[in-house]
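Let me begin by presenting the structure, written as structure tokens, before commenting on it.
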Amino acid sequence: MTLISQTAGRSLRPSSSRGFFATLASAAYALFERLERRSAVKTLTELDDRALRDIGITRSQIEDAVYGQVKAELTRYL
């Protein structure tokens, strides 16, 4: 009977610290990815039109290309 009263107040769920660290790691990864993509957009924006044409994109397609929203006309270059 003593065993039941001791465990009655305890949660049966696993430690919530694992969920906290997973959430923290996910947020850090998302932040790192965002910073990397911003850097790529900045780098591509600094290129001249000829260099962009060599890559196969126009200035208006920079963000779409960096964020993975490749349009159908871009796929022929990939």
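The values are calculated or read from the model by the stated rules, or taken from the named source; none is laboratory data. Model, not experiment: these values are computed from the prediction. Just so you know, the surface numbers come from the protein's heavy atoms only, side chains and all, with ligands and any DNA or RNA stripped out. Shrake-Rupley method; radii C 1.70, N 1.55, O 1.52, S 1.80 Å.
Average accessible surface for the range 28-69: 77 Å² per residue, computed with a 1.4 Å probe over protein heavy atoms with every protein chain in place. The solvent-accessible area of Tyr29, taken with every protein chain present and a 1.4 Å probe, is close to 140 Å².
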